[in-house]
Structures are given as C-alpha cells and as structure tokens.
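Novice: Have a look at this one before I ask anything.
The values are calculated or read from the model by the stated rules, or taken from the named source; none is laboratory data. None of the values given here were measured: they were computed from a predicted structure. FYI the Cβ positions are ideal-geometry reconstructions off the backbone, even for glycines, and counts take in every protein chain you see.
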Amino acid sequence: MAMVALKCPEIEVVVVDINEERIKAWNSEKLPIYEPGLLEVVKECRGRNLFFSTDTKKHVGEADVVFVSVNTPTKTHGIGAGRAADLTYWEGAARLIASVSTSSKIVVEKSTVPVKTAEAIGKVLKRNCLNPDVKFEILSNPEFLAEGTAMEDLQHPDRVLIGGSDTPSGQKAIQTLAEVYAHWIPRERILTANLWSAELAKLTANAFLAQRISSINAISALCEATGADVSQVAHAIGTDSRIGGKFLNASVGFGGSCFQKDILNLCYVCESVGLKEVADYWLQVVSMNDYQKQRFVERVIGAMFNTVSGKKIAVYGFAFKKDTGDTRETPAIDVCKGLIRDGAKCCIYDPEVKAEQIFRDLSAPKFEWDRPNYSRSQSHILENVQVQSDPVAAADGAHAICVLTEWDEFKKYDFAALYEKMVKPAFIFDGRNILDHAKLREIGFITYALGKPLDPFLVKGY
Ligand code: UGA
C-alpha cells in the first residue's frame, strides 16, 4: 500500500487495523516490521496520501477499493486441521465491509487464500449488506513480493496478476485496478485471469518455488553421502536455461509464512476434490523440508559424539532469511527445539530478531504463530534458551556454532578469535553455506557445510 501511495499521489490510501499498537507503530519512526527501504517510502507519503488508522468503520465505508490482507493461518483443529486455511479473519473482514458499506466497492483479495474463496466471500458480502444498491465486485490480486527485497520487488515486479469474474462489471473492476498498477508497471506485465486461476496461480507459484528448494535439499543429502558438492551440482544444472539458476541454494530448510502454509492449503484443496495422488505429490515437498531440518539436527548431534547434553551451542541467525526480522516458520525453530530435546543449551544471536520473539516462537505450538492470542505451552524448552545481543558472547564457552540464517555480517566475523573462546574440539555447522570453509578448517574448526564433501572427522564419526 505504501508503494501504491508513492506511485499514485492522487490516490488516498488508508491502512486500517483493529490493533492499536500496530497502527501507532506505523505512525512512528519505528515501523512494526523491518523491511529495507520501507521506512523511507512511508515517511515520504505519510500524511500526504498515506494514512494509518484504527477507524475501520469510517475508512472502509468511504473507500472505493478495499484490499483485504488479513491472516489466513493453517487450521489447528476441526475439519482440515493441519492443512486447510482458517478463513475466520477473512470472513470477519467481509462482514465488517458489508456492514459499513454505503457505496459499491471493489474488494481485493490480497492475502493468499484457498481456491474459490472469492465465491464464499461474495456470499458473505451480499447477505450482510443491508443496502440493496451496494454492489461488490471481488478481485484476486495475489502478492508475489519476497521479504527482504519487498521494495525492489514491488517497484519492478516480474508481473502483477489480477483475477476477476467474466461479467462486464468484473472486467471493469479488473481495469480499474490495472490502472492503479499502470502508474509504474508496464502494461504487458499486468496479467489478467479469471478469479480461480489467479487464486490458484499464487498457491502454485509458491509450491513450485518451494519444490525447487526441497529438490536441491534432497540432492544435498546425496552429495554428502557420495562426496559431490551441492553448489557445483546446482551451478551445473542452473546454467540450463530451462531450469535456471535461482532458488537452488541448499539450506537447512525453507521457512517463512507462506511456503509450507500454501502447500498444505494446496494439498487440502486437492484432497477435497478427490485428487489424493496430487495432494501426496505436493506434500512430499513439505516432508522433505522437515527431513532436512531433522537431518541437520542429527548431523550436529552425531558429529558431537552423539551427545549434546549440557553443551552450549551458539546459534547464529533466527530469522527465516536474511534482511528480515520475520521468524514465521523459520527452520531455526525446529532446529533449536531438536537440539534442546537432546539436552543442548542454545545461545541464540540474530541481528534483527528480538529476544521476546524468539522465546515466543520456541514456546508456541505448531501453526499457532499466525493467531493473535495463542495460549502458551509451558515447556522445558525456554529454560535451555538464552538470547544474546553479542555474537562473541554467544560463542564464548560454546562447543559449536550453527549458522541458520545467511546474514551477511556472519561472513565478516573473526572466526579465529571466536575459536579461541570455544571448547575444543570446536565445531561449525553451516546450514546456509555462506562461510569460508577452507579457512575455518585452517583455524582448527571441525566444519560441516551442507551438501559438501564431509570432513574426515565427520565421516568417521569419532
Ligand atoms: C516467498 C516467495 O518467494 C514470494 O514470491 C511470495 O510472494 C512470498 O513467499 C509470499 O507468498 O508471501 P518469502 O517467503 O518472503 O517469499 O521469501 P523467499 O525468498 O521465497 O524465501 C523463503 C525461504 O526459502 C527462506 O527460508 C529462504 O532462506 C529459503 N530459500 C530460498 C532457500 O532455502 N534456498 C533458496 O535457494 C531460496
């Protein structure tokens, strides 16, 4: 919305939320999310044609176009638990729009939703609006930006996708929204489709991206077993223009609020229309991701003489990727929990993630992070977690360092100095393949790099 406000000065954009604290933060110098370049854009537009407010009734009521970007968490109980998207918040938003609307509106699905959500939302809007003259046109306009590069992605997207119904009013609504984007995006990059294609395209895009990561991660396990190097394999296949080089970085696993959730959602849709084989196929992408995280934990424990009990392990990076403070579904959660279950004491450092968030994540039950008020499960996990604001202190007295996020600053650390402070033998487990492994070995570290030929120490397992 900030980008729309920046590029379309004649359009008034009001971002509304029922959460007062968040709106307060959006109106301050410290935005509630960390995204490079966002603050500058917000500052340029705020008070001009970009506003943040909790007065949903007024602003939704007055709007011509309403973008709905509410949470769609995975259901934790009832039918479809663990797979289906919970549309409670979406339905709530639709009821609100219907109840305050005195003029016709275009309602845009911005949050990722299951296929055919527009149909359900249409019914809620129609049945809850008392004014018979008010008409709603629903569009699907999925977002393809990635965190950390959001501003660049928004400024120069590969494409914008707008789905709408085939009726004349549906086509008119598509054109209205297309004109907004045409302020800065070439027309040929603004794709139009029917509603269901647009909704499904979003889930499919994320499924394909995640599938590439799971595919290369599967190969990383084979590389370790055979002495091949996953970076060389990725480079060799990525130069085939049909495959392409992006999204082939082996990692400790993909995270983020979308990949797993969207695939589970896709699987649920497949199952509900009787396509079990198709659902099973995509589910493997998530299973492989879980396997990769588990494999990493086993590697750490196995290398350290099959016991991490009472050992301090420094964890570098908790965010699900670099340049973001976002920790939703970060692989670090499962890795830390896995290590702690075996008795390790994790000392976590991340340049952007707050201690409070880390404790919250490590105590949250699966899938609950996307709900505002989940109940905390009391566990022994937290007793074995420490959060450090200094990477050197995190490594002091540690037996191992695990790199779980690819933050650039990790590459610049003085590892010789860190080595001096650690218990010997000192281990490094690079879950992102960002460090200079030859140099680390020279210093004396026993070094594990994902998908790379193993140190003799690790092969023999003594
Ligand atoms: C992803 C998609 O890339 C966006 O196009 C999409 O709009 C977004 O989800 C969404 O649906 O909201 P995002 O989750 O922000 O974006 O970040 P990605 O760059 O896709 O990274 C996802 C995860 O995959 C991260 O944990 C990252 O470290 C991991 N990854 C990525 C790898 O392990 N290897 C790679 O080669 C690339």
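Novice: Between 252, 286, which is in a helix (DSSP H, G or I), farther than 18 Å from residue 72 by Cα and out of contact with any Asp or Glu (no Cβ under 7 Å at 6 or more places or on another chain)? Walk me through it before giving the result.
Specialist: Working: 252 fails: in a helix (DSSP H, G or I).
Step by step, each of 252, 286 is checked, and only 286 is in a helix (DSSP H, G or I), farther than 18 Å from residue 72 by Cα and out of contact with any Asp or Glu (no Cβ under 7 Å at 6 or more places or on another chain).
Novice: Still on this model: Between a first residue in region 235-247 that is part of a helix (DSSP H, G or I) and a second residue that is within 12 Å of the ligand (Cβ to nearest atom), which pairs have beta carbons less than 6 Å apart while being 6 or more apart in sequence or on different chains?
Specialist: Note: pairs meeting the criteria are 238/245; 238/248.
Novice: Given the structure, is residue 109 touching a residue at least 60 places away in the same chain (Cβ under 8 Å), in contact with a strand residue (DSSP E or B) (Cβ under 7 Å, 6 or more places away or on another chain) and among the charged types (D, E, K, R)? Full working, then the answer.
Specialist: Working: touching a residue at least 60 places away in the same chain (Cβ under 8 Å): yes; in contact with a strand residue (DSSP E or B) (Cβ under 7 Å, 6 or more places away or on another chain): yes; among the charged types (D, E, K, R): yes.
Yes, satisfied.
Novice: Which of the residues spanning region 142-159 are within 12 Å of the ligand (Cβ to nearest atom), surrounded by fewer than 21 Cβ atoms within 10 Å (Cβ to Cβ) and not in a helix (DSSP H, G or I)?
Specialist: Result: 143, 144, 145, 146, 148, 149, 157, 158, 159.
Novice: Suppose we keep only residues that are away from the ligand (no atom under 16 Å from the Cβ) and hydroxyl-bearing (Ser, Thr, Tyr) within region 182-209. Which one would you say is farthest from residue 64 (Cα to Cα)?
Specialist: Step by step, filter region 182-209, then rank; the result is 197.
Novice: Right, next: Go through the residues of region 115-125 one by one and say whether even a single one is free of Cβ contacts under 8 Å to residues at least 24 places away in the same chain and in contact with a Phe, Trp or Tyr (Cβ under 8 Å, 6 or more places away or on another chain).
Specialist: Within region 115-125, one or more residues are free of Cβ contacts under 8 Å to residues at least 24 places away in the same chain and in contact with a Phe, Trp or Tyr (Cβ under 8 Å, 6 or more places away or on another chain).
Novice: Here is a list of conditions, (1) out of contact with any strand residue (DSSP E or B) (no Cβ under 6 Å at 6 or more places or on another chain); (2) modelled with pLDDT under 95; (3) surrounded by fewer than 23 Cβ atoms within 10 Å (Cβ to Cβ), and residue 324 meets all of them except one; can you say which number that is?
Specialist: The one condition residue 324 does not meet is (3).
Novice: While we're here: Hey, could you check region 121-141 for residues that are of a type in the set (Val, Ile, Thr) and in contact with a Ser or Thr (Cβ under 9 Å, 6 or more places away or on another chain) and say which is surrounded by the fewest Cβ atoms within 10 Å (Cβ to Cβ)? Even if it seems obvious, please write down each step before you answer.
Specialist: Residues of region 121-141 of a type in the set (Val, Ile, Thr): 121, 124, 134, 138.
Narrowing the set further to residues that are in contact with a Ser or Thr (Cβ under 9 Å, 6 or more places away or on another chain) leaves 134, 138.
Numbers: 134: 16, 138: 23.
Ranking the qualifying residues of region 121-141, first place goes to 134.
Novice: If a residue must be buried (at least 22 other Cβ atoms within 10 Å of the Cβ) and assigned to a strand (DSSP E or B), how many such residues does region 336-346 contain?
Specialist: 1
Novice: Does any residue of region 302-315 turn out to be more than 15 Å from the ligand (Cβ to nearest atom) and assigned to a helix (DSSP H, G or I)?
Specialist: Checked region 302-315: at least one residue is more than 15 Å from the ligand (Cβ to nearest atom) and assigned to a helix (DSSP H, G or I).
Novice: Kindly check whether there is at least one residue in region 50-59 that is surrounded by fewer than 19 Cβ atoms within 10 Å (Cβ to Cβ) and in contact with a His (Cβ under 8 Å, 6 or more places away or on another chain).
Specialist: So far as region 50-59 goes, yes, one or more of its residues are surrounded by fewer than 19 Cβ atoms within 10 Å (Cβ to Cβ) and in contact with a His (Cβ under 8 Å, 6 or more places away or on another chain).
Novice: Identify all residues within region 274-301 that are more than 15 Å from the ligand (Cβ to nearest atom), aliphatic (A, V, I, L, M) and surrounded by 15 or more Cβ atoms within 10 Å (Cβ to Cβ); write none if there are none. Spell out how you get there, then give the answer.
Specialist: Filtering region 274-301 down to residues more than 15 Å from the ligand (Cβ to nearest atom) leaves 274-284, 287, 294, 297-301.
With aliphatic (A, V, I, L, M) added as a condition, the list becomes 275, 278-279, 283, 297, 300-301.
Once the filter is applied, which keeps residues that are more than 15 Å from the ligand (Cβ to nearest atom), aliphatic (A, V, I, L, M) and surrounded by 15 or more Cβ atoms within 10 Å (Cβ to Cβ), region 274-301 yields 278, 279, 283, 297, 300, 301.
Novice: Read through the list (1) surrounded by fewer than 16 Cβ atoms within 10 Å (Cβ to Cβ); (2) polar (S, T, N, Q); (3) within 12 Å of the ligand (Cβ to nearest atom), then give the number of the only condition that residue 169 fails.
Specialist: Among (1) surrounded by fewer than 16 Cβ atoms within 10 Å (Cβ to Cβ); (2) polar (S, T, N, Q); (3) within 12 Å of the ligand (Cβ to nearest atom), the lone unmet condition for residue 169 is (3).
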